[in-house]
Protein chains: 2
Amino acid sequence: MIRVTVLYPNKPGMRFDLAYYVEKHCPMVMELLGEACKGFGVDQGIAGVMPAGEPAYRVVAHFLFDTLEDFQNSFGPNAAAIAADIPNYTDLQPIIQVGEVRA
Amino acid sequence: MIRVTVLYPNKPGMRFDLAYYVEKHCPMVMELLGEACKGFGVDQGIAGVMPAGEPAYRVVAHFLFDTLEDFQNSFGPNAAAIAADIPNYTDLQPIIQVGEVRA
């Protein structure tokens, strides 16, 4: 299984509309990706443990796929549409990476 | 629900024993945390999407708890024992943060 992790850095003073992200953006992404995407999750960073204090990331989201090809084939054609929605909820630039689920 | 995310930066030349982490470290953590920890997951970073290229994080792990208190009360007394095991599988220093699951 493939987990795509999306990390929004916790930069002071930047805008992030969590309600829009959860209620509008992620469902839009799920609809665009279709059956290839098996689910998503969204965490709101509340505290850092290491280092202690503020969380490094304001929001951590993930999207699940059965295979790397499922991700590539569904995300590729929709990447521009997905990216075009980002300014609707944040000024932050996310880090996005693909991981293989090992446990 | 609370998700604790653990991010090991992808620094070239550094050691990370994924088999030890999945088969020894995480089960040890689960045993120390007891019933407070509802599960864990481990992803091996395989590619960056934004930025493209190498993944920002070599390993992304997460641990789930029902409440912040469950995490604090189970992790606090075991933090030293857990940290003491890190050199057994890596030289990397993880970023660890607590998030509240919003979706």
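The values are calculated or read from the model by the stated rules, or taken from the named source; none is laboratory data. Remember, predicted model here, so these are calculated numbers, not experimental data. Cβ placement follows ideal geometry from the backbone for every residue including glycine, while neighbour counts extend to all protein chains displayed. The area values use the complete protein model at the heavy-atom level, side chains included, leaving out ligands, DNA and RNA. Shrake-Rupley method; radii C 1.70, N 1.55, O 1.52, S 1.80 Å.
Okay, residues lined up against (1) under 18 Å from residue A:92 (Cβ atoms); (2) in contact (Cβ under 8 Å) with a residue 60 or more places away in the chain:
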{"residue": "A:33", "(1), (2)": "no, no"}
{"residue": "A:37", "(1), (2)": "no, no"}
{"residue": "A:41", "(1), (2)": "no, no"}
{"residue": "A:49", "(1), (2)": "no, no"}
{"residue": "A:55", "(1), (2)": "yes, no"}
{"residue": "A:61", "(1), (2)": "yes, no"}
{"residue": "A:64", "(1), (2)": "no, yes"}
{"residue": "A:68", "(1), (2)": "no, yes"}
{"residue": "A:71", "(1), (2)": "no, yes"}
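Scanning region A:75-103 for residues that are away from chain B (no Cβ under 13 Å) and of a type in the set (S, T, N, Q), we see that the one that is farthest from residue B:38 (Cα to Cα) is A:88.
Among residues of region B:11-31 that are within 10 Å of chain A (Cβ to nearest Cβ), those with a Cβ under 7 angstrom from a residue that is open to solvent by 50 Å² or more (accessible area, probe 1.4 Å), sequence gap 6+ or separate chain, pair up as B:18/A:102; B:18/B:44; B:22/A:102; B:26/B:40.
If you check B:4, B:42, B:60, which single one turns out to be in contact with a helix residue (DSSP H, G or I) (Cβ under 9 Å, 6 or more places away or on another chain), closer than 16 Å to residue A:98 by Cβ and within 11 Å of another protein chain (Cβ to nearest Cβ)?
Numbers: B:4 fails: closer than 16 Å to residue A:98 by Cβ; B:60 fails: in contact with a helix residue (DSSP H, G or I) (Cβ under 9 Å, 6 or more places away or on another chain).
That would be B:42, the only listed residue that is in contact with a helix residue (DSSP H, G or I) (Cβ under 9 Å, 6 or more places away or on another chain), closer than 16 Å to residue A:98 by Cβ and within 11 Å of another protein chain (Cβ to nearest Cβ).
Inspect all residues belonging to region A:86-96 and state whether any of them is of a type in the set (S, T, N, Q) and open to solvent by less than 60 Å² (accessible area, probe 1.4 Å). Yes, because at least one residue in region A:86-96 is of a type in the set (S, T, N, Q) and open to solvent by less than 60 Å² (accessible area, probe 1.4 Å). When residue A:52 is tested against (1) of a type in the set (A, V, I, L, M); (2) over 11 Å from the mean Cα position of the chain (by Cα); (3) under 26 Å from residue B:64 (Cβ atoms); (4) open to solvent by less than 60 Å² (accessible area, probe 1.4 Å), exactly one condition is not met: (4).
Return a yes/no flag: does region B:4-19 have any residue that is within 11 Å of the chain's Cα centre (by Cα), among the aromatic types (Phe, Trp, Tyr) and open to solvent by 30 Å² or more (accessible area, probe 1.4 Å). No - not one qualifying residue is present in region B:4-19.
Residue B:58 - would you say it is of a type in the set (Lys, Arg), open to solvent by 50 Å² or more (accessible area, probe 1.4 Å) and more than 14 Å from the chain's Cα centre (by Cα)?
On the way: of a type in the set (Lys, Arg): yes; open to solvent by 50 Å² or more (accessible area, probe 1.4 Å): yes; more than 14 Å from the chain's Cα centre (by Cα): no.
The answer is no for residue B:58.
Tell me whether region A:48-60 contains one or more residues that are under 24 Å from residue B:72 (Cβ atoms) and acidic (Asp, Glu). Give the derivation first.
Step one: list which residues in region A:48-60 are under 24 Å from residue B:72 (Cβ atoms), which gives A:48-60.
In the following step, the residues that additionally are acidic (Asp, Glu) were identified as A:54.
Looking through region A:48-60, at least one residue is under 24 Å from residue B:72 (Cβ atoms) and acidic (Asp, Glu).
Evaluated against (1) in contact (Cβ under 8 Å) with a residue 60 or more places away in the chain; (2) in contact with a strand residue (DSSP E or B) (Cβ under 7 Å, 6 or more places away or on another chain); (3) in a helix (DSSP H, G or I), residue A:8 falls short on exactly one condition, (3).
Restricting attention to region A:64-74, does a residue exist that is crowded, with 20+ Cβ neighbours inside 10 Å and under 17 Å from residue B:52 (Cα atoms)? Show your work before the answer.
First, the residues of region A:64-74 that are crowded, with 20+ Cβ neighbours inside 10 Å: A:65, A:71.
Still in the list and also under 17 Å from residue B:52 (Cα atoms): A:71.
Yes, region A:64-74 contains a residue that is crowded, with 20+ Cβ neighbours inside 10 Å and under 17 Å from residue B:52 (Cα atoms).
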